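Inspection log for the structure reproduced underneath, given as structure tokens.
The values are calculated or read from the model by the stated rules, or taken from the named source; none is laboratory data. Since the structure is predicted, the reported quantities are computational estimates derived from the model, not experimental observations. Virtual Cβ from ideal backbone geometry, glycine too; neighbours counted across all protein chains shown. These area figures cover heavy atoms from the full protein model, side chains too; ligands, DNA and RNA do not enter into them. Shrake-Rupley method; radii C 1.70, N 1.55, O 1.52, S 1.80 Å.
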Amino acid sequence: MSTSSIEATGLSAALRSASRTSHGTLDKRIMAAKPFSSRERYADFLQVQYRFHRDVAALFANQELNRLLPGLAGRQRLNAVVQDLNDLDKTLPQNLDAPEFAEATDVDLASALGWLYVEQGSNLGAAFLLKAAAALELNADFGARHLAPHDQGRALSWKEFSAQLDAVELDDIARARAVEAAQAAFRKVHDYVHAHCQIHV
Ligand code: HEM
């Protein structure tokens with residue numbers, strides 16, 4: 001793809017393209033830990049989700065982001081992850097570093113968009129994970145709440161969110177920060193998987 005066609009691409013497509021390889025290796029690494037082979041292993045995966053969703057949780061209360069991405073406040077999933085851990089009688093990870101975004105204010109908007117792309121996109125792929133969780137008798141009301149689709153349905157919810165992302169006007173420098181942020185978000189999830197999920201052969 002030429003530079004000019006990358007620039008002409010919508011932000012969501014640019015973020016997808018910049019993070020495709022990292023997403024592919026992440027999927028494989030998570031599945032190599034067999035998260036749906038037992039509730040204990042699934043709980044390890046929940047620790048990853050907790051840390052990732054905690055990193056971005058403050059963004060859902062950011063006023064400017066809610067103006068750019070209407071309905072953002074209702075898309076937060078950290079509370080659902082906490083309930084999932086609670087369902088499985090697991091305590092929250094302790095002594096963690098500060099989350100990536102510790103406050104709802106003073107946020108670099110372009111970086112926030114990159115992180116939110118990764119977080120909201122993960123709900124699109126979660127259809128498959130929710131089905132797999134049924135083998136452990138987990139579902140959208142117990143243990144796998146954070147994998148549930150949005151009320152309007154996964155595909156429509158994603159279509160709406162990615163259109164909102166594409167409508168945000170960013171200059172080239174800000175767009176590069178959004179891309180870097182999406183890549184950083186995936187790297188962070190890789191780190192969490194490395195910390196919490198053993199590979200099982
Ligand atoms: C916390 C871990 C994960 C994150 C952060 C994540 C992130 C994402 C993102 C950002 C997208 C949207 C891509 C786009 O722009 O279209 C996506 C889609 C997708 N993900 Fe993941 N993902 C995760 C785990 C997984 C796992 C474990 C699987 C399965 C093995 C998976 C399978 C998929 C699939 C199939 C889609 C595309 C869904 C569709 O087009 O209908 N993801 N994910």
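Within segment 89-125, restricting attention to residues that are among the β-branched types (Val, Ile, Thr) and away from the ligand (no atom under 15 Å from the Cβ), which residue is surrounded by the most Cβ atoms within 10 Å (Cβ to Cβ)? Selected residue: Val107. When Gly121, Gly125, Gly114 are screened for being at pLDDT below 95 and under 26 Å from Ser17 (Cα atoms), only Gly125 passes. Residues that are touching a strand residue (DSSP E or B) at 6+ places or on another chain (Cβ under 9 Å) and open to solvent by less than 30 Å² (accessible area, probe 1.4 Å) occur at least once in segment 126-143. Scanning segment 37-57 for residues that are near the ligand (Cβ under 10 Å from one of its atoms) and among the hydrophobic types (A, V, I, L, M, F, W, C), we see that the one that is nearest to Asp89 (Cα to Cα) is Phe45. Figure legend. Inter-residue proximity from segment 23-40: first residues over 17 Å from Glu119 (Cα atoms), second residues near the ligand (Cβ under 10 Å from one of its atoms), beta-carbon distance below 6 Å, spacing 6+ or different chains. Indicated pairs: Arg29/Val193; Pro35/Phe45; Phe36/Ala132. Between Ala14, Ala102, Ala73, Ala18, the distinction of being in a loop (DSSP other than H, G, I, E, B) and more than 14 Å from the chain's Cα centre (by Cα) belongs to Ala102 only. Selection of segment 144-163 for residues being modelled with pLDDT under 95 and either crowded, with 17+ Cβ neighbours inside 10 Å or in a strand (DSSP E or B) (or both) yields only His150. I'm trying to understand the selection: among the residues of segment 76-99, which are assigned to a loop (DSSP other than H, G, I, E, B) and not basic (Lys, Arg)? Within segment 76-99, Gln76, Leu88, Asp89, Thr91, Leu92, Pro93, Gln94, Asn95, Leu96, Asp97, Ala98, Pro99 qualify. Does segment 108-128 include one or more residues that are under 18 Å from the mean Cα position of the chain (by Cα) and over 27 Å from Gly10 (Cα atoms)? Checked segment 108-128: no residue is under 18 Å from the mean Cα position of the chain (by Cα) and over 27 Å from Gly10 (Cα atoms).
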